[in-house]
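Trainee: Handing you this structure, nothing more for now.
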Amino acid sequence: MANTILIGAQWGDEGKGKIIDVLTTEADVIVRSQGGNNAGHTIVHGGKTYILHLIPSGILRRGKVCVIGNGVVVDPIALVGEIEQLRRAGVKIAKNLLVSDCAHLVLPYHRALDEQRELRKGRAKIGTTKRGIGPAYADKAARTGLRISDLMQPRLFSKKLQAKNRENNAVLRALGARPIDYEEVNKNYLAAGVKLRPFVTNTVVYLHNAIQRGKQILFEGAQGTFLDIDFGTYPYVTSSNTTAGGASTGTGVSPNRIDRVVGVMKAYTTRVGEGPLPTEDRHLSHLLHSLGREFGATTGRARRCGWFDSVAARYARMVNGIDELAITNLDGLDTVDPIRICVGYRLNGKRLNVPPSDAVQFDNCEPIYEELRGWKQSTSSAKKLSQLPKAARDYLKRLGELAGAKISIVSVGPTRAQTILL
Ligand code: IMP
Ligand code: MG
C-alpha cells in the first residue's frame, strides 16, 4: 500500500472507521490529523463493537502504530478514558500509541463555551457535538491555546491554565453560565497528563523516520468534506480541515510523501446537525431509522438521511483529489425501490453542477433526480461483485460514473467480512 489518505467525502459518518480497519491490514502506521472527540468511528471486531473518538481505528490490530497528530485537538480526560476502556476490552496499548506534543488541548471552558454559543444561537444553532471543538480551535488560531507540551510541564501548565480559566470564567459569567473551578480542572488534567506522558513525542519526526524506513502510512480522516471549515457548508461545519490537505498540515508529512486519496461515501447521504442537505428525504430517513440504522456514534442523535448527491460527490472528488472510492452501507438500500440519485441542483431557475459556497443558497437548491430500479433483496452476504444483484451493480456503476472516480471497495455490512474489494 502507498501512503494513503482516507477521507470522508460527504457530511461525516460515511463509515470511515470500518474502511480504515479494512485498509489497516496493509498499513504500518495509522495517523489522525484533525478533529477531536467529536468524531465517532464504529468498528466491529471479533464480535465486539468499538466506538473510537480520538484513538485511530488501527488500534484494534496488532503490530500497528497509531498516532494522534498535531492537528488534532485532544481532551486528555477523554483520551485517558478511551485508553482505559480499550485496555479493559483486552486491547494492548503501550508503544502502539503516540500523541503529538503540538496537539492542542480541549479544556472544560471550551465545552462550556460551545454549549453557551449554541444555546444563544437558538434556531440558528450549528448542532455541534458540544465537545468544545470550535472554541479549542479558536484558541489555537488566536494563539491562546494550551498544548500537550504545556501539559507535560505541570508548573507551566497550571500557571497558563489559571490565567485562561479566569479569562473564560469572565465570559461564562457574562453569559449567565456557571464558572469553571480551576483547582479541580488543574488536578484532573495533571493526573491525565501523567497517564499520557509515555505516549507523548514529536510525531513529525516519528512519521518522517517511519517513511524513511519504508513504512506505509494511513491518514485517517474524521468528519467529512462538507464539514470542512473552508470547503464545507459554512458556518454549519466543524472547525478543522477535514479534506485531504488537512492530512498534511495536521501531521507534518509533506504532500509529496502522500501517494493516494481514498474517499468514503455512503450509498446514500446522511448528516447529523444543522445545515444544508439538498437531497434530504423524510421517507428515506424514516425507513433507515426504523431499521435501527443512522444514529450518531458520538451523540446518539438520529442522522438526517437523503439520496446520493453526485453534485456534492464530484465537488468532494475535486477538493480532495480522490483517486478511489469506497461505497458503504449499500445494504441500507436493500428494500428501497425506486432509488433516486441527485444529478444536478436547480437554484432560481438555473441548473447548477457545483454546490454554491453560500449556505443559504445551498439550502435553497432543489435536487434534480434520476431514478434507478431497486434490487429488493439482501446484499449483506455478498463477498464478490458478481454476487450482488444486477440492479445493485448498475447502481454502483452509475455512482462511480457520476462521481467521476473508480470504486475500489463496497461495504455491505458492519463487519470486516462484509467487504467487497474490486
Ligand atoms: P463540532 O465538530 O462538534 O463543532 O460540530 C459541528 C458540526 O459537525 C455539527 O453539525 C456536528 O454534528 C458535525 N460533526 C462533528 N463531528 C462529526 C462526526 O464525526 N460525524 C458527523 N458529524 C460530525
Ligand atoms: Mg462518525
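Trainee: Please label the shape of the range 111-238 as rounded, prolate or oblate, based on the square roots a ≥ b ≥ c of the eigenvalues of the alpha-carbon gyration tensor (a/c under 1.5 means rounded; beyond that, a/b larger than b/c means prolate, else oblate).
Mentor: Judged from the Cα gyration tensor, the range 111-238 comes out oblate (a/c at least 1.5, b/c at or above a/b).
Trainee: So what is the relative contact order for the range 21-173, in percent, with contacts set as C-alpha pairs under 8 Å and at least six apart?
Mentor: About 19 percent, as a whole number.
Trainee: Find which of Gly17, Tyr236, Val319 sits farthest along the positive direction of the dipole of the chain, computed with +1 on the beta-carbon of Lys and Arg, -1 on that of Asp and Glu, about the Cα centre.
Mentor: Checked the options; the winner is Gly17.
Trainee: Can you give the net charge of the other residues whose Cβ lies under 13 Å from the Cβ of Thr49, counting K and R as +1 and D and E as -1?
Mentor: +2
Trainee: Phe219's amide H: which non-local residues (gap 5+, or another chain) put their own amide H closer than 5 Å, with H modeled 1.01 Å from N in plane and none for Pro or chain starts?
Mentor: Thr4, Ile5, Leu6, Val31
Trainee: For all pairs of alpha-carbon atoms in the chain, what percent lies in each bin of width 20 Å, listed from the first bin to the last filled one?
Mentor: Per 20 Å bin, starting at 0, the Cα pair percentages come out as 27, 57, 16, 0.
Trainee: Compute the distance from the alpha-carbon center of the range 127-185 to that of the range 25-69, in whole Å.
Mentor: First find each Cα centre; the distance between them is then 27 Å.
Trainee: List every residue whose amide H lies under 5 Å from the amide H of Cys66, counting only residues 5 or more places away in sequence or on a different chain, with H placed 1.01 Å from N in the peptide plane.
Mentor: Amide H to amide H, under 5 Å and 5 or more residues apart or across chains, Cys66 pairs with Ile30, Leu97, Leu98.
Trainee: Further, regarding this structure: For Cα pairs less than 8 Å apart in space and 6+ apart in sequence, what is the mean separation divided by the residue count of the range 337-422, i.e. the relative contact order in percent?
Mentor: For the range 337-422, the relative contact order is 26 percent.
Trainee: A further question on this structure: In whole Hz, with x marking every Gly and Pro, tabulate ³J(HN,Hα) for the range 319-336 from phi via Karplus 6.51 cos²θ - 1.76 cosθ + 1.60, θ = phi - 60°.
Mentor: Result, rounded to whole Hz: 5, 9, x, 5, 8, 9, 10, 10, 9, 10, 6, 4, 5, x, 9, 4, 9, 8.
Trainee: Still on this structure, I have one more. Under unit Cβ charges (Lys, Arg +1; Asp, Glu -1), what dipole magnitude, rounded to 20 debye, does the range 1-94 have relative to its Cα centre?
Mentor: Result for the range 1-94 is approximately 340 debye, rounded to the nearest 20.
Trainee: Next question, about the same structure. Counting pairs of alpha carbon atoms under 8 Å apart in space and at least six apart in sequence, what relative contact order in percent does the chain give?
Mentor: Over the chain, the number comes to 20 percent.
Trainee: Counting only DSSP beta bridges with both residues in the range 1-142, what percent are antiparallel, rounded to the nearest 5?
Mentor: 35
Trainee: OK, next. Taking square-rooted eigenvalues a ≥ b ≥ c of the alpha carbon gyration tensor, is the range 302-420 rounded, prolate or oblate, where a/c under 1.5 means rounded and, failing that, a/b exceeding b/c means prolate?
Mentor: Since a/c reaches 1.5 and a/b is larger than b/c, the shape of the range 302-420 is classed as prolate.
Trainee: Would you mind telling me the antiparallel percentage of the DSSP bridges in the chain, rounded to 5?
Mentor: Here the antiparallel bridges make up roughly 40 percent for the chain.
Trainee: What lysines does Lys390 reach when the alpha-carbon gap must be under 18 Å and sequence neighbours fewer than 8 apart in one chain are set aside?
Mentor: Here the lysines satisfying the reach criterion relative to Lys390 are Lys376.
Trainee: Which pairs, out of Lys95/Lys384; Lys140/Lys195; Lys18/Lys195; Lys130/Lys406; Lys48/Lys95; Lys130/Lys159, put more than 30 Å between their alpha-carbon atoms?
Mentor: Lys95/Lys384; Lys130/Lys406, as the Cα separations exceed 30 Å there.
Trainee: If you don't mind, there's one more thing I want to ask. What residues qualify as long-range amide H neighbours of Val73, i.e. H under 5 Å apart, gap of 5 or more or another chain, H built at 1.01 Å from N?
Mentor: So Val73 has HN proximity to Gly35, Gly36.
Trainee: From the phi angles alone, apply the Karplus equation (6.51, -1.76, 1.60; θ = phi - 60°) to the range 244-261 and give each ³J(HN,Hα) in whole Hz, x where the residue is Gly or Pro.
Mentor: Per residue, the Karplus-derived 3J(HN,Hα) values read 3, x, x, 5, 7, 5, x, 9, x, 8, 6, x, 6, 9, 10, 9, 8, 10 Hz.
Trainee: Based on DSSP, what percent of beta bridges with both residues in the range 277-422 are antiparallel, to the nearest 5?
Mentor: 70
Every number here is computed from the coordinates shown, using simple stated rules; none is lab data. What you see is a predicted model; the values in this text were computed from it and never measured. Quick reminder, even Gly has a Cβ in these numbers, built from the backbone with ideal geometry, and neighbours come from all protein chains shown.
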